[in-house]
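Colleague: I am attaching a structure below and will ask some questions about it afterwards.
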Amino acid sequence: METEQEVTQVSAEMSAVCLDMFPRMACESGVEVPKGRVKHTSVLASLGLGAEDLRGALVMVASPEFFRATFPLAGSPTPAFDGDVLDWAGELANQTLGRLNNRFAALGCIFSLGIPTVVSGEDMQIDISDQRPHASLRGRLGDHEILIVLHIQRTNGGPLFRPKDLTVTVGEGEGILF
Amino acid sequence: MPHKILLVDDSKTVRQQVAVALTQAGFSTVEAGDGQEALDQMAKNPDVKMIVCDVNMPRMSGLEFLAAMKQAGKMGNPPVVMLTTEGKNDVIDKAKALGVRGWVVKPFKADQLIAAAKKLTGA
C-alpha cells in the first residue's frame with residue numbers, strides 16, 4: 001500500500017470480510033495500533049503472505065474469550081482447552097486472509113498464504129505498529145474485541161492492485177465437482 | 001458399514017466441524033493433520049472411500065499430498081475433494097491436473113459437502 005487510496009481500499013475489503021464472517025460485529029477501520037505491553041491475557045495469530053514482488057502479514061490480537069465466543073462448532077461446548085482456542089485463532093486468521101486473498105485476486109493482487117503462527121500469554125509485549133503501511137480494524141462482538149492489522153506492499157513500490165493481473169476465483173462457501 | 005472418509009487439515013477445529021457434519025450424515029471419518037499424516041492414514045486405512053483435504057498445511061501441503069498420491073498411482077481412487085480458503089483458478093487448475101474431483105471454498109456449507117460425499121462415494 002503506497003497510497004492513502006490503497007489503504008482505504010484495503011480497509012474496506014477487511015471490513016467487508018469481517019462483516020461476512022461475523023454479521024453482528026461492529027467494525028471500526030483505521031484505528032491506532034497500540035504499542036507496548038498488553039495487560040490482559042491475549043492471543044495473537046499471525047500469517048504471512050507473499051509473491052514474487054509482494055510481501056506482508058496479517059496479525060490478529062484478541063482475548064481468549066473472543067475466540068471462545070466465536071468457536072464454530074454448533075451444539076458443542078466452548079473449547080475447554082487452550083489448545084483448541086489457539087487452533088481456532090490460527091484458523092480464523094487463515095480464513096480471514098484467505099477471503100482477502102480471493103477478493104484481492106479479483107482486483108489484480110495475487111499472493112500465497114503462509115501457515116498460521118499463534119502465541120498467547122499475559123503481559124505480552126506486542127509491537128506491530130512499525131509494519132507500515134498497514135490497514136487496521138477493530139471489531140467488537142458483544143463484550144469482546146479483536147484488532148486486525150494487515151501489512152501488504154509491493155517490494156518494488158508499484159501499485160498494489162494491477163487490473164492486468166485479474167484472476168478468476170471460486171467464491172466463499174461455493175463448491176464445484178469436476 | 002458406513003463409508004469411511006479421510007479428513008486432512010492442520011486445524012483440529014475444521015476437522016471436528018467436518019467430522020460432525022459427515023458423521024451425522026452416516027459416514028465415518030479418520031483424520032490427519034498434514035499431507036504426510038494423510039499418507040500414513042491411507043496406508044493404515046485401505047477402505048477409505050473419499051478424502052477431504054486442505055491446501056495450505058505445514059510439512060506436506062495438500063498439493064504435495066496429491067502429487068505423492070498420483071506418483072503412487074492412487075489418485076482418483078479414492079476421490080479427493082479440496083476444502084480450503086484458496087479459490088484462485090490457477091491453484092484449482094494445478095489440483096485438477098493432479099486428479100482432484102471437487103473444490104469447496106471455506107467456510108463450507110455442510111449440505112454441500114455431504115452432497116459431494118454421497119455423490120462421490122455412491123452412498
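Colleague: If I filter segment B:17-28 down to residues being farther than 20 Å from B:MET82 by Cβ and away from chain A (no Cβ under 14 Å), which single residue comes out as surrounded by the fewest Cβ atoms within 10 Å (Cβ to Cβ)?
Modeller: Among them, the one singled out is B:GLY26.
Colleague: Condition (residue is at pLDDT 95 or above, out of contact with any strand residue (DSSP E or B) (no Cβ under 7 Å at 6 or more places or on another chain) and within 14 Å of another protein chain (Cβ to nearest Cβ)) applied to segment B:39-54: is it met by at least one residue?
Modeller: no
Colleague: Oh, and also: Is it true that B:GLU31 is facing chain A (nearest Cβ under 10 Å) and not aromatic (Phe, Trp, Tyr)?
Modeller: In short, no.
Colleague: Can you find even one residue in segment B:8-20 that is among the small types (Gly, Ala, Ser) and outside any loop (DSSP other than H, G, I, E, B)?
Modeller: Among the residues of segment B:8-20, at least one is among the small types (Gly, Ala, Ser) and outside any loop (DSSP other than H, G, I, E, B), which makes the answer yes.
Colleague: Then there's this: Among the listed residues B:GLY99, B:GLY87, B:GLY122, which satisfies the condition of being over 12 Å from the mean Cα position of the chain (by Cα) and loosely packed, with under 15 Cβ neighbours inside 10 Å?
Modeller: Just a single option satisfies the conditions, and that option is B:GLY122.
Yes/no matrix, rows are residues, columns are (1) at positive phi; (2) surrounded by 17 or more Cβ atoms within 10 Å (Cβ to Cβ); (3) out of contact with any Pro (no Cβ under 7 Å at 6 or more places or on another chain); (4) at pLDDT 85 or above:
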position: A:THR117; (1), (2), (3), (4): no, no, yes, yes
position: A:SER136; (1), (2), (3), (4): no, yes, yes, yes
position: A:GLY158; (1), (2), (3), (4): no, no, yes, yes
position: A:THR169; (1), (2), (3), (4): no, yes, yes, no
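Colleague: Which of the numbered conditions does B:LYS106 fail, given that it passes all the others? Conditions: (1) more than 20 Å from B:GLY26 (Cβ to Cβ); (2) surrounded by fewer than 18 Cβ atoms within 10 Å (Cβ to Cβ).
Modeller: (2)
Colleague: Is there any pair with a first residue in segment A:97-126 that is in a strand (DSSP E or B) and a second that is among the β-branched types (Val, Ile, Thr) and surrounded by 21 or more Cβ atoms within 10 Å (Cβ to Cβ) whose Cβ atoms are under 7 Å apart and which are 6 or more apart or on different chains, and what are they?
Modeller: So the pair list comes out as A:VAL118/A:VAL43; A:SER120/A:VAL43; A:ILE126/A:VAL61.
Colleague: Identify, by number, the condition in (1) surrounded by 18 or more Cβ atoms within 10 Å (Cβ to Cβ); (2) under 22 Å from B:LYS119 (Cβ atoms); (3) out of contact with any Asp or Glu (no Cβ under 8 Å at 6 or more places or on another chain) that B:LEU63 doesn't meet.
Modeller: (2)
Colleague: Select from segment B:102-119 the residues that are more than 16 Å from B:ARG15 (Cα to Cα) and touching a residue at least 24 places away in the same chain (Cβ under 8 Å) and write down the one among them that is farthest from the chain's Cα centre (by Cα).
Modeller: Of everything passing the filter in segment B:102-119, B:LYS118 is farthest from the chain's Cα centre (by Cα).
Colleague: Do any strands (runs of 3 or more DSSP E) lying entirely in segment A:1-65 carry at least 1 residues that are more than 13 Å from A:LEU147 (Cα to Cα) and within 15 Å of the chain's Cα centre (by Cα), and which ones are they?
Modeller: Answer list for segment A:1-65: A:42-51, A:54-62.
The values are calculated or read from the model by the stated rules, or taken from the named source; none is laboratory data. The structure displayed is predicted, hence computed values, not measured ones. Virtual Cβ from ideal backbone geometry, glycine too; neighbours counted across all protein chains shown.
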